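The values are calculated or read from the model by the stated rules, or taken from the named source; none is laboratory data. Just so we're clear, the structure is a prediction, and the values are computed from it rather than from any experiment. Here the Cβ positions follow ideal geometry from the backbone for every residue, glycine too, while neighbour counts run over all protein chains shown.
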Amino acid sequence: MSVVMFFLAAGAAIIGAIGVVTLRNPLYSVLALVCHLVALAALFLLLRAEFVAAAQVVVYAGAVMVLYVFVVAYVGGGEEVSAGSTLRILGPLFALALAVELFIALLGSALSGIHRYGAPYKLGFGTPEQIGRLFLTDYLFPFEVASLLLLVAAIGAVVLARRRRGLEEGALELKDLLAMPRPAYTGTIAEGVGVRRVREQLEQAHGGVTEVVPAGAPGSEEQS
Amino acid sequence: MNAHPYAMSFLLATAHIHGPHISWAELSPIAVLGVGALVVLLVGLASSQMVRARLVPTLTLVAIAGAIGTEIWRFSHAPQTIVAGALRIDDLALIADLVCAVAAVAAVLLAWRARAPREAGQGEFHSLMLFSLMGMAVLVSAQDLITLFLGLELLSIPLYVLCAAEYRREGSLEAGLKYLIIGSVGSATLVYGLALIYGATGQTGFGAVAHVLASQSGGGLLGDPLLLTGIALVIVGFAFKASVAPFHQWTPDVYEGAPTAITAFMATATKAAAIAVFLRFFDFTLTAEHVNWAPALAALASVTIIVGNVGALGQSSLKRLLGYSGVAQAGYMLTGLVVGTRLGVSATMFYVVAYLLMNLGAFAVIVHQERVSGSDRMAALSGLGRRSPLLAWSLTIAMLALAGIPGTIGFIGKVQLIHSLVNGGYGWLAIVLVVGAMISLGYYLRVVAAIWMTPADARGVAVAGAGPLAGAPVAAFPPIAGGSPEADLQASAGGGALGVERLTGDPELLLVAGVFGALCIVFGVIPGPVFEFVAHAGAALVGLR
Amino acid sequence: MIAFADVNYFEPWWIQIVKALLIFLVIFGVLPLLTVYERKLLGRFQHRYGPNRVGPYGLMQPLAEIVKFARKEAFRPTGSVGFLFRLAPAISILTAVGGLALIPWGNVQNILGTRIGLYGIDVSIGPLYVFALGGISFYGILLGGWASGSKYSFLGSMRAAAQLISYEVSQGLALVGVLITAQTLSLTGIVNAQRGMWYFIPQIVGFLIFMVASFAETNRAPFDLVEADAELVGGYFTEYGGTGFVAYLFAEYVNMMVVSAMAATLFLGGWLLPFGIHPPGWVDPFVVLAKMMLFMTLFIWIRATLPRLRYDQLMSFGWKVLLPLATLNLLVTAIIVVH
């Protein structure tokens, strides 16, 4: 029974994870991520980490991902900006190399333990009691720092999102209010992936990049 | 209670729990910052504008001063691991703490009249800065993988927000968003690596990890792909934070877009904290694995030195230039880490101190420049020597020190690094370092030339004649080099404004620029005190040659 | 299942299946009656009769309606997303039913020589289980609104998401006060810990916060902006008819029952009776059911009495009143318990 559950959950987790990166509709991507997270929770449950499983579902599937859905459903997917030619070749190559490395590392260790039994189950393992005890003893300091971290995140969200009633002293200068976006195809990342050539070609053909991609339009940053 | 199977665990839970012993004296440098941040946040809610604009920054300075005081108080005490093994307060941590705290003082001063704190709210701005500083203190003292990660996040998340503090300016938003996304990638990579290291060793404490690695050396874990992958991912994660190439690409954009006071803070303090944790993690925790990670780090360091220095050549924005220069300098600092000796650790920390002194003066001048002319274009520097000699000299000294001209602290720092490299058998890396320093002259001297050699009305010439890589197309299309159009607008419209510039800068800017410029020279001539100071850092890491 | 099964390992596996079926059947037997009850009661509150034509006292009304709903044509709007449109009500009803498993109907009893816990499961994470299910049930509402391809549905589901997240925090914090007092997360443990005093007395603030947040969590009046018919036609289920609609409707009622049962368990002493009355074990489930009915009546009563809130009022009440209050309650409780 537990074996069946494991393969169901593991399969769902992998399919979900693949779905996140391959699905083109951002909302489906988010839903695939939810599927992945819930499947992970099931895996935690199989490991008898009940509290972690519940926290996973409550926090990730229940709160974080709801916000994702919220944003994606409201804003919708913008038009996709295709990567520059260099990036289009190099990106998958690097990803592939990294994937191979991770597979070697993870499978190498995981498969060597496949015929063994896991760690023994101790009464009370994975319960909220035990986790709470760890928070108050061995991991007291990280626990406190984590609470400050959450406070910082809240302050940061307020700073960025609150309604602004203008500066306290002095009016804003006009130049501050004018939107002055970085022109398309500039910035370090653009420099890094070799967009300079694209720019030059565009300049020869159209007399400038900004005519091709109006500044301020979605994706006019150095996504290129 | 019935015969429930969990009855046992309930009983366990209700039994009295003994928390770990907390040694407040050792914890004080971190606790002062945390309390200070909360106080500043609360005071920032006051309705009086006077309180917010003056008292809040003052309180921030007081908090940082308190932290500096406790750090000096704890300095050169016996290292202690506190709060259930979460932190280790030793001299390496305290030196890094002091460097970060000094950077924070300078950043508060630079932000004194800036727009960013007014726009973000004085209380929020300053408390975020204090939280970030606290994160650095946690990070450099971390003695546990979990504390390490939390410290890193506590350092980064306030900075993401602070970068976007000038909310209405698109560059600032861009910087915040870019830093957030790329920083998150870095954090995710790091935590993945930490998880793999935990998986390979079964321990989260640094000491325990080091012990497992040391006891299994000569086979066992050394060839474990899990551990090696973990180390690789951790290197990448740290490299993102320390802006080590090829993970540096956010650096110039973020430095350019962020409010300059924050840029100064990020450039110096974040780098110091990242390098210190690099040192502790690799030269203490993973020291048994030295054979495995040293070549990787050496390669990264040399790539970083070349990429940073070459990238800086074509820049016309001072902040971008310092961004690329920071990348190169991070490469220099990494070299001292690679050798894995006490000498290397001391040399690295020496360079961290030097880097702090060299950069803060330069950033103070940039803040002044932005307030006067509205841009940080190198061309706008022309005539600074006449208008404000103090600032001009300060920037000149900073640039010369960064380039490593003898008589400045930068020279001593580089000599120290080279010494440790040659001693540790990495002579080729020393050569890369020297070559990098030679390339760097190409752009540092351009700044000096822009200050002193260009007449006020010939700014265009300075751009066209910029550096060897900046050929005609760059001059024709400045955005290629990353300069923003607002800078162009300013540069073209600023001609008339030049006449009404104030002759001297704001007093706090002059103070920062003057003090750090002077220190660059003083410690360049008499480096003894700094040597003694950083020698403690090398001694703090046990198990090093 | 295996993961849950070890929690009450003393039962044979088939007992669990029997229990699951029994709980399911009983609840879904009560559910239609509940809809009649609500309509009758609402009628009385509004000085009219309510349904009284089908069967004695109108009791057969739900049967007639079920037949009606089941025979409706299954259509969906052109702009809708097919599989999500079908999946969403299923998520809603599944998560709602899942919550039933947690209700403790009684203590562990000795029936025909086997020890049987009168509850579906008794997990060590207790109420967190309900929150986890609640977290997933968001998606039923969100996807239902989004997949309908209608702006009213979408607005309704967006409101639901914001509202559920906002009030879940307060609800959770209010509940932590009880957990601290009882020093356990097991629901049977919590009930047993209330032998001296039911927790709604020491935890009166937590109780009130929990109830208010529960109204918001179940999208009941006065927090039913999610389905505000004056603005949104019907909210997230505007485009649903037939079985999809019934699924949402039943999910809402099952959620109400679960929340009522949780309130009864956490604050009203579960199956315990006051004044030291110790009835035989078979009475326990009826005690719990009676307490649940008390809360259900409250739900209906409030619906008949209070007007709907405005959206900004809802948000500011949740974040600026309930959340600080719940935090304060938690803090005070923790201080009192420790000392």
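Some points to look at:
- When A:Ala49 is tested against (1) within 9 Å of chain C (Cβ to nearest Cβ); (2) out of contact with any Phe, Trp or Tyr (no Cβ under 7 Å at 6 or more places or on another chain); (3) touching a residue at least 60 places away in the same chain (Cβ under 8 Å), just one condition goes unmet, and that condition is (1).
- Scoring B:Ser184 on the criteria (1) at pLDDT 85 or above; (2) within 12 Å of chain A (Cβ to nearest Cβ) leaves a single failure, condition (2).
Yes/no matrix, rows are residues, columns are (1) out of contact with any Pro (no Cβ under 6 Å at 6 or more places or on another chain); (2) closer than 30 Å to C:Arg86 by Cα:
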| site | (1), (2) |
| --- | --- |
| C:Leu179 | yes, no |
| C:Ile201 | yes, no |
| C:Phe210 | yes, no |
| C:Arg220 | yes, yes |
| C:Tyr240 | yes, yes |
| C:Gly244 | no, yes |
| C:Met257 | yes, yes |
| C:Trp271 | yes, no |
| C:Trp282 | yes, no |
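- Taken together, the residues in region C:179-202 that are in a helix (DSSP H, G or I) and either away from every other protein chain (no Cβ under 14 Å) or under 21 Å from the mean Cα position of the chain (by Cα) (or both) amount to 6.
- Applying the condition of being surrounded by fewer than 18 Cβ atoms within 10 Å (Cβ to Cβ) and at the interface with chain B (Cβ under 7 Å from one of its Cβ atoms) to region A:134-157 and asking which residue is nearest to B:Leu148 (Cα to Cα) yields A:Ala146.
- Restricting attention to region B:301-310, the residues being among the small types (Gly, Ala, Ser) and surrounded by 24 or more Cβ atoms within 10 Å (Cβ to Cβ) number 2.
- A single entry from C:Val205, C:Val176, C:Val130 fulfils the requirement of being part of a helix (DSSP H, G or I), within 14 Å of chain A (Cβ to nearest Cβ), β-branched (Val, Ile, Thr) and surrounded by fewer than 22 Cβ atoms within 10 Å (Cβ to Cβ): C:Val176.
- Residues that are more than 8 Å from chain A (Cβ to nearest Cβ) and assigned to a helix (DSSP H, G or I) within region C:137-156 comprise C:Ser137, C:Gly140, C:Ile141, C:Gly144, C:Gly145, C:Ala147, C:Lys151, C:Tyr152, C:Ser153, C:Leu155, C:Gly156, listed in sequence order.
- Restricting region C:291-317 to residues that are out of contact with any helix residue (DSSP H, G or I) (no Cβ under 9 Å at 6 or more places or on another chain) and in a helix (DSSP H, G or I), the residue that is surrounded by the fewest Cβ atoms within 10 Å (Cβ to Cβ): C:Asp312
- Residue ID - modelled with the lowest pLDDT, chosen from residues in region B:5-35 that are surrounded by 21 or more Cβ atoms within 10 Å (Cβ to Cβ) and away from chain A (no Cβ under 12 Å): B:Pro29
- Any chance B:Ala96 is more than 14 Å from chain A (Cβ to nearest Cβ), surrounded by 18 or more Cβ atoms within 10 Å (Cβ to Cβ), in contact with a helix residue (DSSP H, G or I) (Cβ under 7 Å, 6 or more places away or on another chain) and more than 22 Å from B:Ala208 (Cβ to Cβ): yes
- Residue within region B:104-112 that is touching a Pro at 6+ places or on another chain (Cβ under 7 Å) and within 14 Å of chain A (Cβ to nearest Cβ) present: yes
- Residue match in region C:254-271 (condition: assigned to a helix (DSSP H, G or I), on the phi < 0 side of the Ramachandran plot and modelled with pLDDT under 85): no
- Meets criteria (modelled with pLDDT under 75, out of contact with any strand residue (DSSP E or B) (no Cβ under 9 Å at 6 or more places or on another chain) and within 24 Å of B:Lys414 (Cβ to Cβ)) for B:Gly467: yes
- Highlighted here are the helices (runs of 4 or more DSSP H) found entirely within region B:210-323 that include at least 2 residues which are more than 25 Å from B:Asp144 (Cα to Cα) and away from chain A (no Cβ under 13 Å): B:260-265, B:290-313.
- Taken over region A:105-128, the residue count meeting the criterion of being hydroxyl-bearing (Ser, Thr, Tyr), touching a residue at least 24 places away in the same chain (Cβ under 8 Å) and more than 9 Å from chain B (Cβ to nearest Cβ) is 1.
- Just one of the listed residues (B:Leu313, B:Leu321, B:Leu384) is under 26 Å from B:Gly171 (Cα atoms) and either at pLDDT 90 or above or surrounded by fewer than 24 Cβ atoms within 10 Å (Cβ to Cβ) (or both), namely B:Leu313.
- One residue from B:Tyr179, B:Tyr167, B:Tyr160, B:Tyr192 being at negative phi and in contact with a Cys (Cβ under 8 Å, 6 or more places away or on another chain): B:Tyr179
- Given (1) more than 10 Å from every other protein chain (Cβ to nearest Cβ); (2) at pLDDT 90 or above, index of the condition B:Thr201 fails: (2)
- Some residue of region B:93-100 being at negative phi and free of Cβ contacts under 8 Å to residues at least 40 places away in the same chain: yes
- First in region A:137-162 and more than 21 Å from B:Val35 (Cβ to Cβ), second anywhere and modelled with pLDDT of 90 or more, Cβ under 7 Å, 6 or more apart: A:Tyr139/B:Ile146; A:Leu160/B:Val161
- Residue ID - surrounded by the most Cβ atoms within 10 Å (Cβ to Cβ), chosen from residues in region B:47-67 that are free of Cβ contacts under 8 Å to residues at least 40 places away in the same chain and polar (S, T, N, Q): B:Thr58
- Residues (over 19 Å from the mean Cα position of the chain (by Cα), under 19 Å from B:Val254 (Cβ atoms) and part of a helix (DSSP H, G or I)) located in region B:145-171: B:Glu170, B:Gly171
- Some residue of region B:418-439 being closer than 25 Å to B:Asp376 by Cα and surrounded by fewer than 17 Cβ atoms within 10 Å (Cβ to Cβ): yes
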